[in-house]
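Right, one structure below, let's go through it.
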Amino acid sequence: MSHEEYVIDFRRQAVALCSGILDGTINVIAGCHALRSLRWEAEVEQHDEDFFLFAMISSETETLPTGAERDQWAPAALAELEPEIQEAIEWALPQAVVACRSVVQRFGPDGSGDGSA
C-alpha cells in the first residue's frame, strides 16, 4: 500500500463516520471520538477547523459512555447520566453536522479529495 493509498483509506473512514453522523446511524459523540483519532492519518492541516471541532467535542464529552463502553456500565448509572448524555448530543450535533458535511464534500465519497477547504 502506498502512502497515498494509506491516507485515502483513512479519509474514506472519516467520510463513512461523517456520513453515519449525518444519517443518524452513528452517535455523534462516539463518531467525534473516532474522527478525533483519524485526524493525523487523514493528513489534514494541524488547524483544520472540522477536525479541530471533532477533537473539541470529543474532549468535552470524553467522560460520557458511548458505544460498546455503555455495555460495561450499570443500568442505574447510565440512567443517571442519560440527561447529561442527551444534553451533550443536543449541543454537539448541530456543530458536528456542519463539519461532517464539509468533510464529505472535501474528501468525496471515495476519500480521494485533497482535504483542502
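About its Cα centre, the range 1-101 has a charge dipole of approximately 180 debye under the convention of +1 per Lys or Arg Cβ and -1 per Asp or Glu Cβ, with nothing else charged.
Here is the result for the range 1-100: no trypsin sites (Lys or Arg not before Pro) lie in DSSP coil with at most 10 other C-beta atoms within 10 angstrom of their C-beta.
When a 1.4 Å probe is rolled over the protein heavy atoms, the share of accessible surface on the chain that falls to carbon and sulfur comes to 53 percent. Between residue 43 and residue 59, the contour length at 0.36 nm per residue exceeds the Cα-Cα span by 3.7 nm.
Structure remark: mean-square fluctuation, Gaussian network model of the chain, C-alpha springs under 10 Å; the largest value among 53, 78, 22 belongs to 78.
Loop-located chymotrypsin sites (Phe, Trp or Tyr not before Pro) in the range 37-83 (DSSP state not H, G, I, E or B) with no more than 16 neighbouring Cβ atoms inside 10 Å: 40, 73. Heavy-atom accessible area, probed at 1.4 angstrom with all protein chains present, ranks 17, 93 as 93, 17, highest first. Relative contact order for the chain: 40 percent, from Cα pairs under 8 Å spaced at least 6 residues apart, divided by residue count. The Cys residues in the chain with no partner Cys Cβ within less than 4.7 Å of their Cβ are 32.
Protein heavy-atom accessible surface, 1.4 Å probe, per residue over the range 25-117: 58 Å². With a Förster radius of 35 Å applied to the beta-carbon distance between residue 97 and residue 72, the computed FRET efficiency rounds to 0.75.
The values are calculated or read from the model by the stated rules, or taken from the named source; none is laboratory data. As the structure is a computational prediction, the values presented were derived from the model and not from experiment. Neighbour counts run over all protein chains shown; Cβ positions are idealised from the backbone, glycine included. The area values use the complete protein model at the heavy-atom level, side chains included, leaving out ligands, DNA and RNA. Shrake-Rupley method; radii C 1.70, N 1.55, O 1.52, S 1.80 Å.
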